[in-house]
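J.: Got a structure for you, questions after.
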Amino acid sequence: MAELAGLEDPKTREVNEKHGDDHGVNLGKLRALAKRLKTQQELASRLWQTDDTAARLLAILICRPKAFERDELDVMLREARTPKVHDWFVNYVVKKNRHSEELRLAWSADPDPGVASAGWALTTERVAKKPEGLDLAGLLEVIEAEMKDAPDRLQWAMNHCLAQIGIEHAEYRTRAIEIGERLAVLKDYPTSPGCTSPFAPIWITEMVRRQHDK
């Protein structure tokens, strides 16, 4: 904890706080620290219990993702207060755990929009890597009905799923683009030069173009 405090930078914190993250540690330095510590499940558990954002990010990097039971993961996700901890926890821990599919189904139906967004993130992963058994048409129907009025975090996750369906599955591409155009979610999102807009029709079209160019 003392070492993490020593890595704190006020300017980094200022930038992070604009995105809802209450820490000021450069992530490159955090990763370097994790590399030095290597995997330490017990230390990871103690760091998580501090409720400190930088400590929890470090915990995610040094834990053993496959060591967690289903209920532990559920509790930890609900404890993940900040966007970065939430994202890293889903991507670096839950996706590598044997309970990820069971949690995907449970979380997608959860009334807490933050928890539901994790379910959608896991669904997006399956759309891209293991779509067998997924009802893609059904997912598009849910997105069409619910994305427009969803809270920000959940809306973002549903939009990512919409884009992924359009990118990966040509038979649903036109429908995905039509839904994106009609709902206009993230249409005016500020995008840096050289970056792809998160507006689904632009995102889908650009990624498909890149695939064809390869």
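J.: Among the residues that make up the stretch 23-40, is at least one of them surrounded by 19 or more Cβ atoms within 10 Å (Cβ to Cβ), at pLDDT below 95 and in contact with a Lys or Arg (Cβ under 8 Å, 6 or more places away or on another chain)?
T.: Yes, that holds for at least one residue.
J.: Still on this structure, please answer the following. Looking at the stretch 193-213, which of its residues are among the hydrophobic types (A, V, I, L, M, F, W, C) and not in a loop (DSSP other than H, G, I, E, B)?
T.: Scanning the stretch 193-213 gives Ala200, Ile202, Trp203, Ile204, Met207, Val208.
J.: Another question, if that's okay. Taking helices (runs of 4 or more DSSP H) that do not extend beyond the stretch 42-93, which have at least 1 residues that are surrounded by 21 or more Cβ atoms within 10 Å (Cβ to Cβ) and over 17 Å from the mean Cα position of the chain (by Cα)?
T.: So the answer is 53-62.
J.: Do the conditions hold for Glu102, that is, is it without any contact (Cβ under 8 Å) to a residue 40 or more places away in the chain, open to solvent by 70 Å² or more (accessible area, probe 1.4 Å) and either within 20 Å of Arg175 (Cβ to Cβ) or part of a helix (DSSP H, G or I) (or both)?
T.: Yes: the conditions hold for Glu102.
J.: I would also like to ask the following. Quick check on Ala2: is it farther than 19 Å from Leu103 by Cβ, free of Cβ contacts under 8 Å to residues at least 24 places away in the same chain and not β-branched (Val, Ile, Thr)?
T.: yes
J.: Please work out if Arg175 is modelled with pLDDT of 95 or more, over 16 Å from the mean Cα position of the chain (by Cα) and of a type in the set (Lys, Arg).
T.: yes
J.: Spot the failing condition for Ala2; the list is (1) touching an Asp or Glu at 6+ places or on another chain (Cβ under 9 Å); (2) more than 21 Å from Trp156 (Cβ to Cβ); (3) among the hydrophobic types (A, V, I, L, M, F, W, C), and only one is missed.
T.: The failed condition is (1).
J.: Being acidic (Asp, Glu) and either under 16 Å from Ala200 (Cα atoms) or touching a helix residue (DSSP H, G or I) at 6+ places or on another chain (Cβ under 6 Å) (or both) is the filter here; which residues of the stretch 126-148 pass it?
T.: Glu141, Glu144, Glu146
J.: Which one of these does Ile165 not meet: (1) surrounded by fewer than 18 Cβ atoms within 10 Å (Cβ to Cβ); (2) assigned to a helix (DSSP H, G or I); (3) among the aliphatic types (A, V, I, L, M)?
T.: For Ile165, the exception is condition (1).
J.: Quick test of your reading of the structure: Gly133 fulfils all but one of (1) of a type in the set (Gly, Ala, Ser); (2) touching a strand residue (DSSP E or B) at 6+ places or on another chain (Cβ under 6 Å); (3) without any contact (Cβ under 8 Å) to a residue 24 or more places away in the chain. Name the failing condition by number.
T.: (2)
J.: Shifting gears a bit: Only one of these is open to solvent by less than 60 Å² (accessible area, probe 1.4 Å) and at positive phi: Leu186, Leu139. Name it.
T.: The unique qualifying residue is Leu186.
The values are calculated or read from the model by the stated rules, or taken from the named source; none is laboratory data. Note that the coordinates shown come from a computational prediction; the quantities given were computed from them, not determined experimentally. Neighbour counts are summed over all protein chains in view; Cβ atoms, including those assigned to glycine, are modelled from backbone coordinates with ideal geometry. These area figures cover heavy atoms from the full protein model, side chains too; ligands, DNA and RNA do not enter into them. Shrake-Rupley method; radii C 1.70, N 1.55, O 1.52, S 1.80 Å.
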